[in-house]
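S.K.: The structure follows.
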Amino acid sequence: MAMAEIKTETRVIYDCSPDTIPADIAGSCEPVVLKGVVKNWKAVSLAAQSPLAIVDYLKHWYNGKLSLINRGHAGIKGRYFYSEDLKGFNYDTVKMRVDEALDLILDSANQPDEPSYYISSNSIDSHFPGFRSENDLQVPRAETGYPTYPPDVKIWIGTRSLATCHYDALDNIACCVAGRRRFTLFPPSQFENLYFGPLEPTPGGQAISMVNFDSPDFNRFPRFRTALAAAQVVELEPGDAVYIPSMWMHHVEGLSPFNVLVNYWWNDAPIYTGSGMNVLYHALLSLRDKPEHEKEGWKHLFDYYIFGDTSKPIEHLPEHAQGVLGVMDDMKSRQLRAMLINKLNR
């Protein structure tokens, strides 16, 4: 990859522990490296001994539940991606026991031309109960005053592999447990320069960049140079972590023959809020193909009601007349959702 074109340095914080991650990082809207933050995890210590040691440790906590495992076709060299015609993928998803998958991953670690196996986004609490008793961190969440969902803790295990550049609608702390990881990070402003693929089907449920970062075709993807100029690159050693703000695009490479990563996803929005993707799909249906002058009007309307100062639309209205423009709560959210469902079903 044209690494020389990436100039921005990522902020690094040293000497913080899993319980003392600064609360202000989640409000910084910039990636932050947490150097050595989980270096004292039992899993990190065992991974330093050998891949077999960490695999045996994971098997100790595994409860026997089946999981979805990605099985890469021979020769993909860790790039889990689309098939050439974009109608499918260059891997299959199979349901199997995690301990069996771990053995297959170990066996294929040094055989890049053979079928590979990858455990992606597997819930720790549902499949490895007790793991967090010896390997956990305190997510630096803001005090909100309203109910929010607890963090979603996932584990990723594989050989030399990559998660092609994508975005998540959640804040993320990704902890490197075994092997080295490289994250190439892009701010949301670079979305149009990363040439994202179809909204469906997608690998892992998220749209991904169509650019091959190892050998980018700048004739086909000329704006990718602009994205690189705004990018940041982070390389993590075992025990390090990186905070990735919501909606920052990230391309994640497992650089070692065997890699384990644990990540924490969370969102400080109220529980009643839904997925932003629902808004996007609805807008594709309802707004994208309107006349240009009408779309321009809707753009201003969204800025006024949604993206701008939300006190402005109600500053001239008494509280009883504010309705859904006022403070949202669970009851109002239910009423609004019911109204939307009713209108969509007409």
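Nothing in this text is a laboratory measurement; each read-out follows from the coordinates by a stated rule. Remember, it's a predicted structure, so these values are computed and weren't measured experimentally. We place every Cβ from the backbone using ideal geometry, glycine too, and count neighbours over all the protein chains shown.
S.K.: For HIS60 and GLU235, calculate 0.36 nm times their separation in residues minus their Cα-Cα distance, and state this gained length in nm to one decimal.
M.R.: Value of the extension gain: 60.1 nm.
S.K.: Taking the Cα centre of the chain as the origin and placing charges on Cβ (Lys, Arg +1; Asp, Glu -1), which of TYR146, TRP248, PRO112 is farthest toward the positive end of the dipole?
M.R.: Towards the positive end, the residue furthest out is PRO112.
S.K.: On to the next question. Please give the peptides 309-321, 206-218, 133-145 ranked by average Cβ packing (other Cβ atoms within 10 Å per residue), highest first, as a rough proxy for protection.
M.R.: Order by mean packing, descending: 206-218, 133-145, 309-321.
S.K.: Still on this structure, I have one more. At what distance in angstrom do the alpha carbon centres of the range 128-172 and the range 107-123 lie from each other?
M.R.: After rounding, the separation between the Cα centres reads 21 Å.
S.K.: Debye sum, Cα scatterers, the chain, no solvent: what log₁₀ I/I(0) at q = 0.07 1/Å?
M.R.: -0.34
S.K.: Find, among the trypsin sites (Lys or Arg not before Pro) in the range 184-225, those assigned to loop by DSSP (not H, G, I, E, B) with at most 11 other beta-carbon atoms within 10 angstrom.
M.R.: ARG220
S.K.: Follow-up. Highest mean first, how do 269-282, 113-126 rank when packing is the count of other Cβ atoms within 10 Å averaged over residues? Before the final figure, lay out each step's value.
M.R.: Numbers: 269-282: 12.5, 113-126: 17.6.
Put in order of decreasing packing, that is 113-126, 269-282.
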